[in-house]
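Shown next, in structure tokens, is the structure this report addresses.
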């Protein structure tokens, strides 16, 4: 009987230890991305102003392929570029036979959405606003359910084309396009 109890205890201990090995703290690149310049991506909307050219000044959405379509110059790659890099690209294309010395400004008009899943009141897609934390996103999604693990969450983030998931405290800031997953607590 003691031998069977020992075997069961050993199996339960190893299963519990195996469950703990799924914990993955956020990799260093995960937090480093917070201090990097914002890179545009599909779903963002940018406001392009070409001074003294009202016909070219407009709001453009970054399509799924990562481009915006600007009159006169056509498709301009935007994914993985900062607003300043996009300004230079558009100005260079306009300079190539359309406008002698274009003065272009680009600003993010609307960021791509974030997603909140798991043990929240209303899982789904929500608008990103600068300064958004995981806790504020969860509050927007209806708050925690009674079964929710409330101390930390898993965030999935695209960093330079590589998707990473890390476990962070709820006060951590989010980036546009992040997915927040609230786990169910064990007890």
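Taking residues in segment 36-47 that are part of a loop (DSSP other than H, G, I, E, B), and partners anywhere that are loosely packed, with under 15 Cβ neighbours inside 10 Å and modelled with pLDDT under 90, the pairs with Cβ atoms closer than 9 Å and at least 6 places apart or on different chains are 39/160. Against the definition (assigned to a loop (DSSP other than H, G, I, E, B), at positive phi and without any contact (Cβ under 8 Å) to a residue 12 or more places away in the chain), how does residue 97 come out, yes or no? Yes; evaluated as a whole, the condition is true for this residue. Within this structure, residue 79 passes the test of being under 13 Å from residue 41 (Cα atoms) and at pLDDT below 95.
Among the residues making up segment 176-187, a single one is modelled with pLDDT under 95 and either in contact with a helix residue (DSSP H, G or I) (Cβ under 7 Å, 6 or more places away or on another chain) or in a strand (DSSP E or B) (or both): 184. Can you find even one residue in segment 49-57 that is within 30 Å of residue 125 (Cα to Cα), at pLDDT 90 or above and surrounded by 15 or more Cβ atoms within 10 Å (Cβ to Cβ)? Within segment 49-57, one or more residues are within 30 Å of residue 125 (Cα to Cα), at pLDDT 90 or above and surrounded by 15 or more Cβ atoms within 10 Å (Cβ to Cβ). Just one residue in the set 141, 148, 91 is crowded, with 17+ Cβ neighbours inside 10 Å and over 26 Å from residue 62 (Cα atoms); that residue is 148. The residues listed here are 14, 22; of these, the one that is under 29 Å from the mean Cα position of the chain (by Cα) and modelled with pLDDT under 90 is 22.
Looking across segment 116-138, the residues that are out of contact with any helix residue (DSSP H, G or I) (no Cβ under 9 Å at 6 or more places or on another chain), closer than 26 Å to residue 83 by Cα and part of a strand (DSSP E or B) come down to 125, 133.
The values are calculated or read from the model by the stated rules, or taken from the named source; none is laboratory data. Quick caveat: nothing in here was measured; it's all calculated off a predicted structure. Neighbour counts are summed over all protein chains in view; Cβ atoms, including those assigned to glycine, are modelled from backbone coordinates with ideal geometry.
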